[in-house]
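To start, the structure itself, in C-alpha cells.
The values are calculated or read from the model by the stated rules, or taken from the named source; none is laboratory data. This is a predicted model, so every value here is computed, not measured. Every residue, glycine among them, receives a Cβ derived from its backbone with ideal geometry; neighbour counts consider all protein chains shown.
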Amino acid sequence: MKKLRAMKKTKANLEKGPVFGPFSRQVSGRKRANYSPFFILLFFCSGFLILTSGISQPAVKSKKIVEKLIPITEDSSFHFGQDENYIFNSPAMLEVAGENIYVLDSLDHRLRIFDLSGKFVRSIGQRGKGPVEFNHPQGLFIDPVKEKIYVADTRNLRIQILDLEGKEISTLQFTFPPVAMTVLKDKLLVAAFPSNALIMKDEPLIRIYNSDFNQTGAFLKPIKASDPSVNLLANQFVIKKDRLDQLVCARQFCLNEIQVYDETGHLNHRFEIIYKAANLASPGIDIMIKNDLDVQKIAYFVGDIAFDSRNNYYFLAGNTGLKSDGLPERGREIYKYSPRGQYLGTILFPEKAVLISFGPDDSLYLLDSNYALRKFKIG
C-alpha cells in the first residue's frame, strides 16, 4: 500500500512542473494574448516546461564523437525504505557529504538526511517563514569541515545557515530569490533566479559575499534572446564547487558550454560537452519552431553535476526529444569529463536519473525518475 502511495505521489509530481522557475505561478501569470504572435509548444522534460517562440534556428552541426561506455554495477545492499521518510515530493538537490546523504525536497519544504547505507537519520524544516522553516527551497551546500548546512530558502528570499543537527546559526536576507549557492575559500557565491527584470538590466547572475556577508563582487552576465521566455530558459543553470575549490557552471537549457570560475568570479576556462543523439541539436538561443519535430532540436538539458575524488566532472545531461524515426532518444545519461574538458566516457542507466552525487568511496548515488534513492559502483 505504501509503495502504491509513493508511486501515485511521484506520478502526480512529475505532472506538476517546476516549483520555482520561468513557468511557476509567480512568473507565468501573464495573459495568453502576450504570446499570440508566437508558436507555443508545451514539452515536459523531467518536470521542466519548455516554452519557446518563433525565432531563427541555427544550422544543425555535425560532430563525430567516439563514445566510450563506462560499466556500472548497482549496489543491491543499499537500503531504501518504503515509509514516508523515503517518499519525495519534488527533490531539488542531492548531496553526499561526510557520512550522510542529503536530499532537499522543494515541495515538502524540508531537508532529509540518510546515512551512507540508506538508513533514514532525520528531517529538518517545514513550511513557514520562521527559523528552520522553508518556502520552496531550491539550493543546498554542505560544509562538513565547518559543520554547516546552507539552504537557499528561495521564496523567503534568504539563505539559512544551520549546524549539522539542523539548528539555526544565521540567516542572510536578500532582495532577490536565491536558487543556488556554494562557498569557495570563505567566499559565499549566491546565484539569483534569472527574472526578466534582472536580465534586461544586465545584472550579474552570481553575487559574491565575504565572511561578514558583505557583497564584494558579482559576475556571470545574463544571455539575452528576443523573447522573454527564452531569456528565462537560457539563464537557468546548475552551479557546483569542484574538488579544487572552483565553481563549475552549466546552463541547463539551450547551451552546452561549461564555465569554470575562481572565488573572485574570474573565468579560468570553458569547454563544451557533447550532444548525444541521432539528430545533433545546435547550441543557441535563437530558435524557430515550425512543428512538433523541431522540439528535439532545442531540448538539450543539463540536470546536475558531480565530482569524483580525482576531480573528474560528471554531467547528468542529454537530449530529450524523438529521433527522426519517431523513437525516443536514449534519454538522460552521464558524461564524464576531465577538469580541462576532455571527454572520458558515458554512463547509461536502466532508468533515467534526475539528481546525482558521489560518496567518499567514489560510489555514485542518484535519485531516479521514480525518486528512488540508489547506489552504483563505477567500473
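Brief remarks follow.
- Subset of the stretch 99-123 (residues that are touching a His at 6+ places or on another chain (Cβ under 8 Å), farther than 18 Å from Gln138 by Cβ and either modelled with pLDDT under 95 or surrounded by fewer than 18 Cβ atoms within 10 Å (Cβ to Cβ) (or both)): Ser117, Lys119
- Some residue of the stretch 332-354 being surrounded by 22 or more Cβ atoms within 10 Å (Cβ to Cβ), charged (D, E, K, R) and either within 16 Å of the chain's Cα centre (by Cα) or at pLDDT below 95 (or both): yes
- Asn135 satisfies every condition listed in (1) farther than 22 Å from Ser106 by Cβ; (2) touching a Gly at 6+ places or on another chain (Cβ under 9 Å); (3) not aromatic (Phe, Trp, Tyr) except (1).
- Selection count, the stretch 194-204, where residues are in a loop (DSSP other than H, G, I, E, B) and either modelled with pLDDT of 95 or more or surrounded by fewer than 22 Cβ atoms within 10 Å (Cβ to Cβ) (or both): 5
- The requirement of being surrounded by fewer than 19 Cβ atoms within 10 Å (Cβ to Cβ), in a loop (DSSP other than H, G, I, E, B) and of a type in the set (A, V, I, L, M) is fulfilled somewhere in the stretch 218-225, by at least one residue.
- Applying the set (1) farther than 19 Å from Ile124 by Cα; (2) within 21 Å of the chain's Cα centre (by Cα) to Val151 leaves exactly one unmet item: (1).
- Only residues that are more than 20 Å from Ile305 (Cα to Cα) and either surrounded by fewer than 22 Cβ atoms within 10 Å (Cβ to Cβ) or out of contact with any Lys or Arg (no Cβ under 9 Å at 6 or more places or on another chain) (or both) were counted in the stretch 88-98, giving 1.
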